[in-house]
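Just below is one structure, and these are the notes that go with it.
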Amino acid sequence: MAQDQQEKIFADGFIFKRNPKAPQFVVGRVSMKVEEAINFLKTHEKNGWVNVDIKEARSGNHYMELDTFVANNDSAVDKYEAKAKPPPSVPQMNGEDDLPF
C-alpha cells in the first residue's frame, strides 16, 4: 500500500495548538497527556525514536500523526544527494590573461 493510502495513525496523548495572539516567533504549543503519550511512544518506537508530523486538517485544526516513512537503500534522499553533487570543477577565468588556450 502506498504511503498516501495508509491509514493515519494519530499521535495519542499529544495535542498541538497555535495561538493567533502569541508573538510571531511562537509557532505553537504541544500538550501531552502523560499515560496516553507514553503508551503511544512505547508502541511505535523504533531504535529509540518516534517521529510525528504536525499537519493541518481541512477544517484548519492541527493534529499530530505518526510518521511511518521507512528509508530504504534506494531512498529519495540518496537520489537527491547524488543529483546535488556539483559537476567537476571548471577553471575560473579572472581576466583576459587567463584564457585557457
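Here are the numbers for this structure:
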{"quantity": "Full-stretch length increase - residue 46, residue 61 - with 0.36 nm per residue and alpha-carbon distance subtracted", "calculated": "2.6 nm"}
{"quantity": "Residue-span extension gain [residue 18 to residue 34] - 0.36 nm each, minus C-alpha spacing", "calculated": "3.7 nm"}
{"quantity": "Difference of contour (0.36 nm per residue) and Cα-Cα distance, residue 25 to residue 8", "calculated": "3.2 nm"}
{"quantity": "Per-residue ³J(HN,Hα) for segment 39-55, Karplus 6.51 cos²θ - 1.76 cosθ + 1.60, θ = phi - 60°, Hz, x for Gly and Pro", "calculated": "4, 4, 4, 5, 5, 10, 6, 9, 6, x, 10, 9, 9, 10, 9, 9, 10"}
{"quantity": "Total formal charge among the other residues, if their Cβ is under 13 angstrom from that of residue 34, Lys/Arg +1 and Asp/Glu -1", "calculated": "-1"}
{"quantity": "Neighbour-limited loop hits for chymotrypsin sites (Phe, Trp or Tyr not before Pro), segment 1-65 (at most 15 other Cβ within 10 Å; DSSP other than H, G, I, E, B)", "calculated": "25"}
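Quick note: the coordinates plus some simple rules give every number you see, no bench work behind them. No experiment lies behind these values; they were computed from the predicted model shown. A quick note on method: Cβ atoms are made from the backbone with ideal geometry, for glycine too, and the neighbour counts reach across all protein chains shown.
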